[in-house]
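**Student:** Sharing a structure below in structure tokens format, with a few things to ask.
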Amino acid sequence: MKTLLIKCAVSLGLMLSLYALNVQTVMAHGEKALEPFIRMRTIQWYDVKWDKQQFNVNDEVSVSGKFHVAEDWPISVPKPEATFLNISTPGPVLIRTERYLNGKPFMNSVALQPGGDYDFKIVLKGRLPGRYHIHPFFNLKDAGQVMGPGVWLEIAGTAADFSNEIKTINGELIDMESYGLSNGIFWHLFWGALATAWLLWWLRRPLFIPRYKMLQAGLEDELVTSNDRLIAKVMLVGVPVLVLAVNAMTIGDYPNTIPLQASLDRILPLPAQVNAGVVDVETLKAEYRIPERMMTFTLKINNRSENPVQIGEFMSANVHFLNKDLQASYQGDAGTMTAPEGLSLENPAPIQPGEQRTMTITSSDALWESEKLDGLIRDADSRIGGLLFLYDTVVGERYISSISAAVIPKFN
Amino acid sequence: MSVNISKPSFQPYTGEKARISRAFDYLILVLALFLFIGSFHLHFALTVGDWDFWVDWKDRQWWPLVTPLMGITFPAAVQAVLWEKFRLPFGATLCVTALLIGTWVARIFAYHLWNYFPINMVLPATMLPGALVLDVILMLSNSLTVTAIFGGAAFALLFYPSNWPIFGMFHVPVEYGNGQLTVADLFGFEYIRTGMPEYLRIIERGTLRTYGQYATPLSAFCSALLCSLMYTLWWYIGKWFATVRYLNKI
Ligand SMILES: [Cu+2]
């Protein structure tokens, strides 16, 4: 009896901890959970914007932006052959109604090409009122979740007002919040009632001790009566007949069903946005000084455009280091992940058309540490990746180049 | 030639003795119910898992293969004890009922109230018709072999038709995002699951696909064969774990 109780307690405990685990994975944010080289050298997000951050239940809200898939994809991360553009939420407090990649709607997972450029848009609809911290992010198969920039969304209104009607291919309008629910409950209750009747049929008689003793005494025939046998025979025939009949009726009610759809969407990258060939940037060296939290890059820049360009921003893992002397540069909202004076140039003079210049730039801020990007130097793969934004202030053009180099640590 | 010397006999309990023995019945039943709710539900969540959790995982190939195969385990073990020792033919029904109680509690509290999923997206499958048939086959045949072969097969074959009345309507097509989806797929797209990207679903993957449209019957027969073996295996596991040590002392 004691062992039985212990077993009960243990299994109940396991059951509860499983739920806790389940819930934790749903809630887990994981922004800094992945190794820095994965956050910096897989999906490089930029220009991510929400069209609003305060809205009501049933209102639509959309997030759009761009990302570059790093060509210097880490060797230890599986290639992005199956990825899923997702939204980190504490459960479905919003529903996703539309999703686009390069303007094309897509419902399934998608393969991305390293070096490719993409733009995306996700349309959501408020479902549960509250204040939520939300990111767009990519689930990368066998690699993890690479977060885009996060914001706080405030949904007002009442949950009871939420409605989600969908039109099926036959033109029937269905309410997703309740479709098939009462039918499902009915069948569970129906079979549940039959099972309960069968259990009660047996449970009403003396059970364990007397039956065990009778069986020991060879009185087996008294334990199962002819009535029991009759009922069992009826069930042996009746249950399968009923199952098949109800199944046939359902097929009649829904003749045009299809199997679950699980194809991989194929969407080609945009024409090159990053490394588009007008301004070339080659990373010669990267050095990280730990005490100063300072990353210094030596770059070889070749301006093949017709106007002078200036370096305005370095971005990696959603952290933005801005050149304070170039006010035109950063268009996004100044979030907590921005170092407004984080980028300084060895030679601030614009790079003239046709000029080839080798120079160092320095991005320094406590964000290297607080975002746990400095852990890079202790990883097996200590290459850095990011995007460098250069501006042509004459015609207001922006050029983006990717940065990639092995990082050399300076410990003091 | 052996002669039956002492004819075994048993007088039904009366009075106080009957009352105590009945109290013992209830005690065991309540404990067993909670034990099965906990342990079978845990076993099921860890093995069948997402196939039973989500409406957009219930495909026609893996779902009807995996669910009965993992679902026949505890029923076989409990039947071995309840039938062999007590001639009680409700082991499978008791287990599956306990499983469903645990599952429904989890779906309502953990999935719906705690994580906001609509319940129709996380409806559990039922194995009760198969369990009832498994119980009556054991009772009528009083044979492990017959129950393993015919009961195991019935348990697997009845699974899909028992559940199609619940889930068939979720396979109605919807035109969405320049393609066709089932209502079930649309649930997966709309109701955001952070830790469950679409590509994790195991939908008609693997080598069973040669016969295309006949995926379900093929899976069901494959499952029937495996269920017969699984049934036998777990029958012996049940027998091995069971003890009547305490009863012998009474
Ligand atoms: Cu966040």
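The values are calculated or read from the model by the stated rules, or taken from the named source; none is laboratory data. Here the structure is a predicted model, which is why all the values come from computation and not from measurement. Quick reminder, even Gly has a Cβ in these numbers, built from the backbone with ideal geometry, and neighbours come from all protein chains shown.
**Student:** Can you name every residue in the stretch B:98-144 that is surrounded by fewer than 23 Cβ atoms within 10 Å (Cβ to Cβ), farther than 30 Å from A:ILE174 by Cα and at the interface with chain A (Cβ under 7 Å from one of its Cβ atoms)?
**Tutor:** B:LEU140
**Student:** Let me ask something else. Can you say whether A:PRO80 is in a loop (DSSP other than H, G, I, E, B), crowded, with 18+ Cβ neighbours inside 10 Å and within 16 Å of the ligand (Cβ to nearest atom), as far as the supplied structure shows? Even if it seems obvious, please write down each step before you answer.
**Tutor:** Numbers: in a loop (DSSP other than H, G, I, E, B): yes; crowded, with 18+ Cβ neighbours inside 10 Å: yes; within 16 Å of the ligand (Cβ to nearest atom): no.
For A:PRO80, the condition - in a loop (DSSP other than H, G, I, E, B), crowded, with 18+ Cβ neighbours inside 10 Å and within 16 Å of the ligand (Cβ to nearest atom) - is not met.
**Student:** Right, something else. May I ask you to list the residues in the stretch B:27-49 that are within 15 Å of B:LEU69 (Cα to Cα) and more than 7 Å from chain A (Cβ to nearest Cβ)? Even if it seems obvious, please write down each step before you answer.
**Tutor:** Step one: of the stretch B:27-49, the residues within 15 Å of B:LEU69 (Cα to Cα) are B:40-41, B:43-49.
The answer is B:PHE40, B:HIS43, B:PHE44, B:LEU46, B:THR47, B:VAL48, B:GLY49.
**Student:** Still on this structure, I have one more. Would you tally the residues in the stretch A:46-64 being in a strand (DSSP E or B), closer than 30 Å to A:ALA160 by Cβ and within 16 Å of the ligand (Cβ to nearest atom)?
**Tutor:** 2
**Student:** Another question, then. Going by the structure shown, is A:PRO348 part of a loop (DSSP other than H, G, I, E, B) and over 15 Å from A:ASP47 (Cα atoms)? Steps first, answer last, please.
**Tutor:** Working: part of a loop (DSSP other than H, G, I, E, B): yes; over 15 Å from A:ASP47 (Cα atoms): yes.
Here the answer is yes, as A:PRO348 does meet what is asked.
**Student:** Let me ask you something else. Would you call A:VAL110 in contact (Cβ under 8 Å) with a residue 60 or more places away in the chain and under 17 Å from A:PHE55 (Cα atoms)?
**Tutor:** Values: in contact (Cβ under 8 Å) with a residue 60 or more places away in the chain: yes; under 17 Å from A:PHE55 (Cα atoms): no.
No.
**Student:** With the condition kept exactly as written, say whether any residue in the stretch B:178-188 is part of a loop (DSSP other than H, G, I, E, B) and buried (at least 24 other Cβ atoms within 10 Å of the Cβ). Step through it out loud before you land on a result.
**Tutor:** From the stretch B:178-188, those part of a loop (DSSP other than H, G, I, E, B) are B:178; that's our starting set.
Subset that is buried (at least 24 other Cβ atoms within 10 Å of the Cβ): none.
Within the stretch B:178-188 (the criterion being part of a loop (DSSP other than H, G, I, E, B) and buried (at least 24 other Cβ atoms within 10 Å of the Cβ)), the answer is no, since none of the residues qualifies.
**Student:** Scan the stretch A:100-115 and give yes if some residue there is small (Gly, Ala, Ser) and within 16 Å of the ligand (Cβ to nearest atom), otherwise no. Please lay out each step first, then the result.
**Tutor:** Residues of the stretch A:100-115 small (Gly, Ala, Ser): A:103, A:109, A:111, A:115.
Filter once more, so that each one left must be within 16 Å of the ligand (Cβ to nearest atom): none.
Checking the stretch A:100-115: not a single residue is small (Gly, Ala, Ser) and within 16 Å of the ligand (Cβ to nearest atom).
**Student:** For B:GLY168, state whether it is assigned to a helix (DSSP H, G or I) and among the small types (Gly, Ala, Ser). Outline the logic, then answer.
**Tutor:** Working: assigned to a helix (DSSP H, G or I): yes; among the small types (Gly, Ala, Ser): yes.
Criteria met by B:GLY168.
**Student:** Which of the numbered conditions does A:ILE267 fail, given that it passes all the others? Conditions: (1) within 41 Å of the chain's Cα centre (by Cα); (2) more than 8 Å from every other protein chain (Cβ to nearest Cβ); (3) without any contact (Cβ under 8 Å) to a residue 40 or more places away in the chain.
**Tutor:** (3)
**Student:** Of the numbered conditions (1) crowded, with 21+ Cβ neighbours inside 10 Å; (2) over 27 Å from the mean Cα position of the chain (by Cα), A:LEU388 satisfies every one except a single condition; which is it?
**Tutor:** Exception for A:LEU388: condition (2).
**Student:** Would you please name the residue that is farthest from the other protein chains (Cβ to nearest Cβ), looking only at residues in the stretch A:206-241 that are at negative phi and of a type in the set (Gly, Ala, Ser)?
**Tutor:** Step one: filter the stretch A:206-241 for residues at negative phi, giving A:206-217, A:219-241.
Pick out the ones that are also of a type in the set (Gly, Ala, Ser) and you get A:217, A:226, A:232, A:238.
Details: A:ALA217: 4, A:SER226: 12, A:ALA232: 4, A:GLY238: 9 Å.
Ranking the candidates gives A:SER226 first.
**Student:** Let me ask something else about it. Going through the stretch A:124-161 one residue at a time, which ones are buried (at least 18 other Cβ atoms within 10 Å of the Cβ), of a type in the set (A, V, I, L, M, F, W, C) and away from the ligand (no atom under 15 Å from the Cβ)?
**Tutor:** Matches in the stretch A:124-161: A:LEU124, A:LEU128, A:LEU140, A:ALA143, A:ILE155.
**Student:** Further, regarding this structure: Would you confirm whether or not the stretch A:199-215 contains a residue that is among the aliphatic types (A, V, I, L, M), within 16 Å of the ligand (Cβ to nearest atom) and at pLDDT below 95?
**Tutor:** no
**Student:** Which one of B:THR73, B:THR47, B:THR67, B:THR93 is more than 22 Å from A:LEU194 (Cα to Cα) and touching a residue at least 12 places away in the same chain (Cβ under 8 Å)?
**Tutor:** Values: B:THR73 fails: more than 22 Å from A:LEU194 (Cα to Cα); B:THR67 fails: more than 22 Å from A:LEU194 (Cα to Cα); B:THR93 fails: more than 22 Å from A:LEU194 (Cα to Cα).
When all the criteria are applied, what remains is B:THR47.
Rundown of residues vs (1) within 12 Å of chain B (Cβ to nearest Cβ); (2) out of contact with any Pro (no Cβ under 9 Å at 6 or more places or on another chain), yes/no style:
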| residue | (1), (2) |
| --- | --- |
| A:PHE84 | yes, no |
| A:SER88 | yes, no |
| A:THR97 | yes, yes |
| A:ASN102 | no, no |
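**Student:** I need the full set of residues from the stretch A:363-381 which are over 15 Å from A:LEU34 (Cβ atoms) and in contact (Cβ under 8 Å) with a residue 24 or more places away in the chain, in order please.
**Tutor:** Of all residues in the stretch A:363-381, those over 15 Å from A:LEU34 (Cβ atoms) come to A:363-370, A:377.
Within the stretch A:363-381, A:SER363, A:SER364, A:ASP365, A:ALA366, A:LEU367, A:TRP368, A:GLU369, A:ILE377 meet the criteria.
**Student:** Another question, then. So which residues in the stretch A:23-40 are at pLDDT below 75 and away from the ligand (no atom under 13 Å from the Cβ), if there are any at all?
**Tutor:** Applying the first criterion (at pLDDT below 75) to the stretch A:23-40 yields A:23-31.
Hits for the stretch A:23-40 are A:VAL23, A:GLN24, A:THR25, A:VAL26.
**Student:** While we're here: Only one of (1) touching a residue at least 24 places away in the same chain (Cβ under 8 Å); (2) within 23 Å of A:GLU287 (Cβ to Cβ) is not met by A:ASN347, so which one is it?
**Tutor:** It is condition (1) that A:ASN347 fails.
**Student:** Restricting to the stretch A:65-97, count the residues that are touching a residue at least 40 places away in the same chain (Cβ under 8 Å) and more than 25 Å from A:SER163 (Cβ to Cβ).
**Tutor:** To start, the set of residues in the stretch A:65-97 that are touching a residue at least 40 places away in the same chain (Cβ under 8 Å) comprises A:65-78, A:80-91, A:93-95.
Restricting the remaining residues to those that are more than 25 Å from A:SER163 (Cβ to Cβ) gives A:65-78, A:80-85.
Count: 20.
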